[in-house]
Structures are given as structure tokens and as C-alpha cells.
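Okay, structure first, notes after.
The values are calculated or read from the model by the stated rules, or taken from the named source; none is laboratory data. All values derive from a computational prediction rather than experimental measurement. When we count neighbours, we look across all protein chains shown, and the Cβ atoms used for this are built from the backbone with ideal geometry, even at glycine. Each accessible area value is taken on the protein alone, full model and side chains, heavy atoms only, with ligands, DNA and RNA left out. Shrake-Rupley method; radii C 1.70, N 1.55, O 1.52, S 1.80 Å.
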Amino acid sequence: MIALRGDRTGWLRIRALVDTGATFMVLPETTARRLGQPTRHRVRVRLADGTYRNVPMMSVFVKLDGHEAPATALVVPGGQVLLGAETLEGLGVTLDMRRRRLKVMREPAITLA
């Protein structure tokens, strides 16, 4: 379970899958609407089947096991919430493939210039 928060909402607890092949977090439209945040910008992405599509994007905050980080989320018509590699890196966690669990690598960090 993770928690998501948009600019104008409280925390929404939701089940998510880890997708190490995805760069960004992926949110179904219904989840994005529940976060109450508009999706004004679109970005061109390559899908798993090799095709390209322009999809809306939004910024959210993600909380997992006490770690919190901002994340870029792509909004798609349906499906499940997916945590991509950028989101995992932002949270400071990695996937332990042998145990099939997430584990803390370090405290989340950013560089301030």
C-alpha cells in the first residue's frame, strides 16, 4: 500500500504495483480525478508495445513506509497504479528481486543548487 496526495487533497491510500520497466508512475484517470488535480500538460511516451502516445501528466506526492517524495505521474484511461523507476529512486527504495520485496536503500535525497 502507498499513499498519494495531490495539491488540493489529503492522503489517498491505494494499492500499487512496482514496474521497474516504467520510468514514471502511472495513474488511472479515476485515481487522478480522486486526487483532484488537473492534468494540463501532455508528454509523448513510448508504450510497452513500442507505440507512442501523448498522455497527460501530473505531479503527486508519494508516501511508502514513512518515506515521502514528489513524483511525476502519467495519466492513462484504465489499469492499475504503477510505481516506476523514477518514483522508487525518489523514495530511496529498490526492489529485492530474490525476496520480491521493496527495501530501503537510503533516505530520499535531492541536490539543491
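Using only the Cα atoms of region 46-96, build the gyration tensor, take square roots of its eigenvalues as a ≥ b ≥ c, and label the shape rounded, prolate or oblate: rounded if a/c is under 1.5, else prolate if a/b is larger than b/c, else oblate. Prolate shape, in that a/c is at least 1.5 and a/b is the bigger ratio.
Estimated from helices alone, the mean residue ellipticity of the chain at 222 nm is -2500 deg cm²/dmol (sum of -39500 (n - 2.57) over DSSP H runs with n ≥ 4, per residue).
Spatial offset of region 86-103 relative to region 1-61 amounts to 18 Å, using the alpha carbon center of each. Would you tally the net charge around VAL26, using a Cβ to Cβ cut-off of less than 14 Å, leaving VAL26 out, and scoring K and R as +1, D and E as -1? Taking every Cβ under 14 Å from that of VAL26, the sum is 0. Other residues within the sphere of radius under 9 Å centred on the Cβ of TRP11, judged by their own Cβ, net out at +3 (K and R +1, D and E -1).
If R0 equals 35 Å, the separation of the Cβ atoms of LYS63 and ARG40 corresponds to a calculated FRET efficiency of about 0.90.
When the solvent-accessible surface of protein heavy atoms is calculated with a 1.4 angstrom probe, in what order do HIS41, HIS67 fall, highest first?
In descending accessible area the options line up as HIS41, HIS67.
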